[in-house]
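The values are calculated or read from the model by the stated rules, or taken from the named source; none is laboratory data. Since this is a predicted model, take the numbers as computed values, not measurements. Don't worry about glycine lacking a Cβ; one is built from the backbone with ideal geometry, like all the others, and counts go over all protein chains shown. To get the accessible areas, we keep the full protein, side chains included, count just its heavy atoms, and leave off ligands, DNA and RNA. Shrake-Rupley method; radii C 1.70, N 1.55, O 1.52, S 1.80 Å.
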Amino acid sequence: MIQQPFLGASYLLRGLGLIFRPGLRRFVAVPLAINVTVFALLLWLAIGEFNALIDYLTPQLPDWLAWLAWVLWALFAATAAVLVFFSFSVVANLIAAPFNGLLAEAVERHLTGHAPPGAAGLKAAFKEAPSALRDEGRKLGYFAKWALPLLVLFMIPGLNLIAPILWTLFSAWMLAVEYGDYPMGNHHLKGAEQRQRLKGRVLLALGFGGAALLATMVPVINFLIMPAAVAGATAMWVERLSK
């Protein structure tokens, strides 16, 4: 039993290796390129607007405060970096939702030699994009239902000592739910059924989710964690959860 969390964590590394296999890379490259393009456009617009603000403020400053423009640019750069770091994965999940099912399908075909019963192809995946986004919304609702009571614990003396531990375990669980959805959804399992499967191997799921949680905190690496976690969750489904 004590090996289960480590086994779960190993599936994230397994997924990281899988996404670079021939035939699987395109399912990673397309949503990542879309996400990078979206953030690049947003940053370009933000820089343009901020530059206009600096051009407006600079003539009104006395000469001895000219250095203030450089300070404002430094604050802008730091704020932009923080926003990108914390929002990139969230936006990536929304953009890649229609592609993640395809990635899980391709990984399962790679591992087993046959496609899951829910295999649909790229065209159908785009048609199912609204449904995929609704599924993401339902997962956010499930997250909020449990997150709010846990956040309250941080404000209760005594209980706030264990709140960080509970929050970390909950975050790991939610990541296992998030990424396990794609391979299990390809087998027509819905939210409650998926969570029931994961509860049956809860230490395995927490190990996998905990590894994903730690990896999302590593700059640059966190950009690859989403597809790696989808691929790893698919391998975990094929070898551990589908039985």
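Taking the numbered list (1) at pLDDT below 80; (2) outside any loop (DSSP other than H, G, I, E, B) in turn, M1 passes all entries but (2).
For G15, the stated conditions hold: it is closer than 26 Å to M236 by Cβ and either at pLDDT 75 or above or open to solvent by 40 Å² or more (accessible area, probe 1.4 Å) (or both). Highlighted here are the helices (runs of 4 or more DSSP H) found entirely within region 127-243 that include at least 1 residues which are among the charged types (D, E, K, R), at pLDDT 85 or above and open to solvent by 40 Å² or more (accessible area, probe 1.4 Å): 191-200. For the criterion of being at pLDDT 70 or above and either within 14 Å of T234 (Cβ to Cβ) or outside any helix (DSSP H, G or I) (or both), L75 fails.
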